[in-house]
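Some notes on the structure that comes next.
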Amino acid sequence: MMKMQELLIDRDNYRNTKIIETKSRPLVDGEVRVAIDKYGLTANNVSYAVSGDMIGYWKYYPVDSNNGVNWGKVPVWGMADIVESKCNGVEVGERIYGFLPMSSEVIMRPGKMKAASFVDIAEHRKPLPELYNGYSRTAGEPALYKTLENERCLLFPLFMTGYVLADFLADNNYWGAEQVLIGSVSSKTGFSMAAFLNSETNFDGKLVGLTSPRNEAFVESLGDCQQIVTYGEESEIDSSKKTAYVDMSGNGELRNILHNYLGDNMVRSIGVGATHWEERRSGGKMPGAKPEFFFAPAQIGKRNKDWGPGVLMQRAYAAGAQLANRTSDNLNVEFLNGMEAARDIWIEILENKVSPKRGIMVSLKKQNTGFYVNT
Ligand SMILES: NC(=O)c1ccc[n+]([C@@H]2O[C@H](COP(=O)([O-])OP(=O)(O)OC[C@H]3O[C@@H](n4cnc5c(N)ncnc54)[C@H](OP(=O)(O)O)[C@@H]3O)[C@@H](O)[C@H]2O)c1
């Protein structure tokens with residue numbers, strides 16, 4: 001019987017981690033064994049932990065025994081291979097893309113089978129949003145997709161959000177804003193939104209990116225913001241302009257400063273993420289537009305009606321591929337191998353020690369003997 005390794009994260013203290021090694025359990029009818037090959041890791045995965053209880057991300061891969069610690073598995077986007085199958089219609093050797101745990105393998109129960117996809121219909125996943133239960137079966141995909149595996153893991157889940165955000169703003173005529181402020185603009189979600197406001201929606205106002213001093217040069221190198229403001233220097237922003245704030249940082253104090261500074265000229269304030277995950281969330285009572293949380297499925301649903309099912313996502317994919325190509329010189333994709341490396345980079349991301357120039361891919365492929373090896 002094969003062994004498997006998993007990375008557990010303490011749900012009450014994300015810095016506390018544990019690598020466990022267990023025997024793989026035998027499959028029962030209807031199940032497949034999936035060996036995880038590689039995945040992307042960014043601040044978005046930290047946000048899955050932060051919002052894990054509220055949104056249910058901990059429930060995708062529950063931990064059986066806790067031994068007094070509130071262990072959980074943080075999901076990632078990655079590529080994996082079917083290495084054993086007791087499910088009619090899913091063959092050993094198939095390669096899939098989707099939501100995975102940071103583990104060397106996982107067992108799934110494929111259902112709702114189509115040529116290009118299936119859904120993991122395991123009992124515990126049924127109540128969870130189907131978006132995360134769906135897997136792309138890559139065999140029949142266009143050849144181009146095969147060359148974009150790393151981009152799919154590392155960039156596309158974030159670029160898709162950047163695209164939908166840009167579309168949401170454009171669809172609402174930017175609520176009359178003359179400038180758009182993007183909080184934590186060095187994030188993939190943030191800089192892709194800036195890029196798409198330029199290349200896709202042709203926003204003709206001013207794009208202002210907010211970032212840390214050490215990430216300013218990176219944002220500058222991308223060339224999508226007309227102004228870059230570092231945290232603490234918010235008074236450099238033109239407060240006479242009607243402004244929409246789209247925030248990936250989740251930093252309540254920063255939001256409060258911006259709302260008080262812009263007053264009634266803060267015409268929209270949209271929270272998207274929480275890269276500054278240790279900061280206070282709430283901004284307290286503030287002037288200007290009431291802060292709201294971005295709900296991508298609502299805009300995707302609207303465009304599916306406006307443009308036809310899937311058209312928005314097709315456009316987002318195409319624009320994402322172009323952006324990935326354009327930014328390939330700014331972003332160095334780095335492969336880290338094995339579970340110890342997976343744990344170490346998790347901690348580095350928590351500690352904000354990873355430059356936005358580094359695109360982190362974790363490969364579980366080159367495991368020591370005893371684990372699944374996909375060569
Ligand atoms: N609501 C949605 O549908 C949705 C979808 C996708 C993503 N998101 C959210 O968007 C955010 C960005 O995700 P991403 O994967 O694009 O991020 P990313 O590329 O990993 O972002 C890296 C940047 O985030 C900031 N950062 C990272 N770790 C930090 C830490 N520990 N403390 C303080 N700042 C830190 C830094 O930017 P600065 O120096 O510029 O602040 C850093 O350059 C996440 O919170 C994610 O959950 C939301």
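In table form, for the structure just shown:
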read-out	value
Taking the range 157-299 and dividing mean pair separation by its residue count, relative contact order in percent (alpha carbons under 8 Å, at least six apart)	23
Mean Cα-pair separation over length for the chain, i.e. relative contact order, pairs under 8 Å, 6 or more apart, %	17
Helix 296-307 vs. the chain, principal-axis angle (Cα, 0 to 90°, nearest 10)	80
Relative compactness, the range 254-355, computed as alpha-carbon Rg over 2.2 N^0.38 Å	1.49
Helix 188-199 axis, angle to the chain major axis (alpha carbon atoms, nearest 10°)	60
Mean separation of Cα contacts under 8 Å, 6 or more apart, over the residue count of the range 91-147: relative contact order %	39
Kirkwood-based shape ratio for the range 157-299, expressed as Rg/Rh from alpha carbons	0.92
Amide H contacts of MET2 (H built 1.01 Å from N, under 5 Å, at least 5 apart or other chain)	SER24
5 angstrom amide H check on VAL74, placed H, neighbours 5+ away	ILE9, MET102
Convex hull volume of the chain per residue (C-alpha atoms, cubic angstrom)	137
Pairwise label distance in nanometres, VAL28 with ASN330, each label 7 Å out on the Cα-Cβ vector	5.0
Beta bridges by DSSP in the chain, antiparallel share as percent, to the nearest 5	60
Where trypsin sites (Lys or Arg not before Pro) fall in DSSP loop in the range 102-150, at most 12 other Cβ within 10 Å	LYS112, LYS114
Set of aspartates and glutamates near LYS285 by C-alpha distance (under 13 Å), chain-local residues within fewer than 8 positions excluded	GLU253
Simple Cβ-charge dipole of the chain, Lys/Arg +1 and Asp/Glu -1, about Cα centre, in debye nearest 20	780
Cross-link pairs beyond the 21 Å C-alpha cut-off, checked among LYS3/LYS112; LYS38/LYS126; LYS3/LYS38; LYS23/LYS126; LYS18/LYS59	LYS3/LYS112; LYS38/LYS126; LYS23/LYS126
Computed [θ] at 222 nm, deg cm²/dmol, the chain (DSSP H ≥ 4; -39,500 (n - 2.57); rounded to nearest 500)	-8500 deg cm²/dmol
Principal-axis tilt of helix 156-171 within the chain, Cα atoms, nearest 10 degrees	30
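Every number in this text was worked out from the coordinates using simple rules, so none of it is lab data. A quick note: this is a predicted structure, and the numbers were derived from the prediction, not measured. Here Cβ is always computed from backbone atoms with ideal geometry, including for glycine, and neighbour counts include all displayed protein chains.
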